[in-house]
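I have placed the structure first, in the form of structure tokens, so that the comments after it can refer back to it.
The values are calculated or read from the model by the stated rules, or taken from the named source; none is laboratory data. Everything numeric here is computed off the predicted structure, so don't read it as measured data. Glycine gets a Cβ as well: all are built from the backbone with ideal geometry, and neighbour counts include every protein chain shown. Calculation scope for accessible area: heavy atoms of the full protein, side chains included, ligands and nucleic acids excluded. Shrake-Rupley method; radii C 1.70, N 1.55, O 1.52, S 1.80 Å.
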Amino acid sequence: MNILKFGGTSVGTPERMRGIAELISQGKNQIVVLSAVSGTTNSLVEICSALQQKDKEEAVALVTALEAKYEKFISELISPSAHYEEASELVAAYLNGVKSYANREMTLFVERSILAQGELISTGIFLQYLKSIGLKPVMISALDFMRTDDSGEPDHNFISDNLTFELSKHPKKDLFITQGYICRNAFGEIDNLKRGGSDYSASLIGAAIDADEIQIWTDIDGMHNNDPRFVDKTEPIKNLSFKEAAELAYFGAKILHPASIRPAEEKNIPVWLKNTIVPTAHGTLIHGDASVPGFRAVAAKDGITAIKIRSGRMLMAYGFLRSVFEVFERYKTPIDMITTSEVAVSVTIDELTNLDGIIQELEQYATVEVDQNQTIICVVGDFQQGGVGYASTVFTALKNIPIRMISHGGSHHNISVLISSDSKKEALQDLNKGVFNL
Ligand code: ADP
Ligand code: ASP
Ligand code: MG
């Protein structure tokens, strides 16, 4: 079985949907995972914030705009037929559901239910389109198998058992459609895998059924050596190891959800990143452990907060780091980067929900300094043990950028620095010239 995930722009217009139908019609044994039509999840987020601010009029206006958008979309995609009627009715029902929330109290449950509608709509329309052109797809709802546990992590056994069960209901079928991003949580409520989560869905689905291949179809020809949103000359990378791809995804390469490589890596399933607009382009193949020595790519992760914890007690004391880490553990806040000196330790976090509590606890035995609006710049490659010159190339390229923290040696795949977000664009451009000669 192959898993094919199509992102927002790949299903973003009727023309694109036709294009991906064409791609699918050439394959066999496929589970197709769709994102919401591009822009829809953002609109749903806006609807939720209007409702949070009790601005019912604004929320209804946003839903009305979506109704108009989808009416046009469906009439351009599907010619008048029972399938056209079914797609229209389905979208009307989902959007009426969103409208009806305008009269209810806004809760986390309502918010997550609203956010789920984008993928329910895109898969519903696509199913009817495929049927209208004579294909025989089967819809399996992600809400019947995709699930997180009480720590918010995917429940792999549940996913595998229930997905296998859903597929077993249709032994003679070989084309399945499902939603990315959406899931149920440990309480069985509708939830999601965070923004960009459809990549994660595809990888979890692939791992759950030991798929042959996972294909992530998007609007660019694979992973590039640098972020094309900030740097002009970037180049696609043909091959990446799982480790390199995971580092890039985690440290901000938007083409992949941060956690999306792990499930595929655990089951050793190759992941292809392919371009829907130019399907013949090679793209990127992510597989295996082996990599070529040298630099591969740069990524940037924004929204980072640095916390410096300084204490006389740290001097020659063991147990200090443990007490620092325990604070972050108690507040379920992961640490991304860490550097130490004799009397201080600096860590970075990107989850700020419990920042106040963390600071209060740390201040009981240390002086704490907090810097917000920081960015981690992560240079990824295979910097083999004992290899020389890698760090000096990076730091020569960054000679004009003020650096707050440096991290290397955790693995030989990553040299990371923390800088102010204001310097991010310049740093990415400098690295493109200094490291990649582009
Ligand atoms: P989709 O909607 O298909 O999930 P995304 O917008 O989430 O697509 O991801 C694709 C985008 O990721 C590209 O259009 C590109 O702007 C951005 N991107 C950021 N860093 C990279 C990178 N290193 N290589 C390729 N694309 C990247
Ligand atoms: N539709 C969701 C989002 O926009 C998930 C995804 O596209 O991967 O974040
Ligand atoms: Mg994405």
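To the nearest 10, the accessible area of K136 is 140 Å² with a 1.4 Å probe. Full extension of the chain segment joining K172 with F109 gains 19.0 nm, where the gain is 0.36 nm per residue of separation less the Cα-Cα distance. Each peptide among 25-31, 172-178 gets the average number of other Cβ atoms lying within 10 Å of its residues, and from highest to lowest they stand as 172-178, 25-31.
Simple spin-label estimate for F165 and Q53 gives 4.4 nm between the two label positions (7 Å along the Cα-to-Cβ direction from each Cα). Rolling a 1.4 Å probe over the protein heavy atoms leaves R112 with an accessible area of roughly 60 Å².
Rounded to the nearest 500, the 222 nm mean residue ellipticity of the chain from helices alone is -11500 deg cm²/dmol, with -39,500 (n - 2.57) taken per DSSP H run of at least 4 residues. Restricting the calculation to alpha carbons of region 42-117 gives Rg and Dmax of 13.3, 41 angstrom. Give the residue from W272, A299, N225 lying farthest towards the positive end of the charge dipole for region 202-320; charges sit on Cβ (+1 for Lys and Arg, -1 for Asp and Glu) and the dipole is referred to the Cα centre. My answer, from the dipole projection, is A299. Converting phi to 3J(HN,Hα) with the Karplus coefficients 6.51, -1.76 and 1.60 and the offset θ = phi - 60°, region 222-228 yields x, 6, 9, 6, 7, 7, x Hz in sequence order, with x at every glycine or proline.
Just to confirm a number: summing +1 for Lys and Arg and -1 for Asp and Glu over residues other than L135 whose beta-carbon lies under 13 angstrom from that of L135, what do you get? Combined, the nearby Lys, Arg, Asp and Glu give +3. A simple spin-label model places pseudo-atoms 7 Å from Cα toward Cβ; at D289 and E329 they are separated by 2.8 nm. Backbone geometry of region 277-289 corresponds, through the Karplus equation with coefficients 6.51, -1.76 and 1.60 at θ = phi - 60°, to 3J(HN,Hα) couplings of 6, 10, x, 7, 5, 4, x, 10, 9, 9, 6, x, 9 Hz, x marking Gly and Pro. Under 5 Å between amide hydrogens, built in the peptide plane, is the criterion, and for E213 it picks out I3 among residues at least 5 positions away or on other chains.
At 4 °C and a viscosity of 1.567 mPa s, what translational diffusion coefficient does Stokes-Einstein give for the chain, taking Rh as the Kirkwood radius over Cα pairs? Give it in µm²/s as a whole number. Present the calculation step by step, with values, prior to reporting the outcome.
Working: Rh = 23.5 Å.
The calculation lands on 55 µm²/s.
Taken over region 85-191, the ratio of Cα radius of gyration to 2.2 N^0.38 Å equals 1.17. Among G288, S43, I309, pick out the residue whose Cα is farthest towards the positive end of the charge dipole of the chain, where Lys and Arg carry +1 and Asp and Glu carry -1 on C-beta, about the Cα centre. Of the listed residues, the answer is G288. Near the amide H of L175, within less than 5 Å, lie the amide hydrogens of Q30, V138, all on another chain or at least 5 residues away, with H placed in the peptide plane.
Considering only Cα-Cα distances, which of the following residue pairs are longer than 21 Å: K5/K99; K254/K332; K5/K173; K5/K267; K131/K173; K28/K136? Show your work: numbers first, answer last.
Values: K5/K99 29 Å; K254/K332 24 Å; K5/K173 19 Å; K5/K267 18 Å; K131/K173 14 Å; K28/K136 12 Å.
Over 21 Å apart, Cα to Cα: K5/K99; K254/K332.
Around the Cα centre of the chain, unit charges on the Cβ atoms of Lys, Arg, Asp and Glu (plus for the first two, minus for the last two) sum to a dipole of about 620 debye. Element breakdown for the chain at a 1.4 angstrom probe: carbon and sulfur atoms account for 49% of the accessible area. Working from label points 7 Å from Cα in the Cα-to-Cβ sense, the V60 to E89 distance is 2.6 nm. Evaluated at q = 0.09, 0.16 Å⁻¹, the base-10 log of the normalised Debye intensity for region 253-379, with identical point scatterers placed on the Cα atoms, takes the values -0.41, -0.91. Length gained on full extension, T353 to T340, computed as 0.36 nm times the residue gap minus the Cα-Cα distance: 2.2 nm. Accessible area per residue for the chain is 46 Å², calculated with a 1.4 Å probe on protein heavy atoms, without ligands, DNA or RNA.
For region 413-421, 3J(HN,Hα) computed residue by residue from phi via the Karplus equation (6.51, -1.76, 1.60; θ = phi - 60°) reads 10, 8, 10, 10, 10, 9, 9, 5, 4 Hz, glycine and proline entered as x.
Once the piece of chain linking D219 and D149 is laid out straight, how much longer is it, given 0.36 nm per residue of separation minus the C-alpha distance between them?
Numbers: separation 70, 0.36 × 70 = 25.20 nm, distance 3.21 nm.
Value of the extension gain: 22.0 nm.
Taking every protein chain into account, the 1.4 Å probe leaves K69 with about 70 Å² of accessible area, to the nearest ten.
Can you give me the span-like helices of the chain, meaning DSSP H runs with 30 Å or more of Cα extent along the axis and Kyte-Doolittle mean at or above 0.0?
On the way: long enough: 56-77 (31 Å, 0.10).
Helices meeting the criterion: 56-77.
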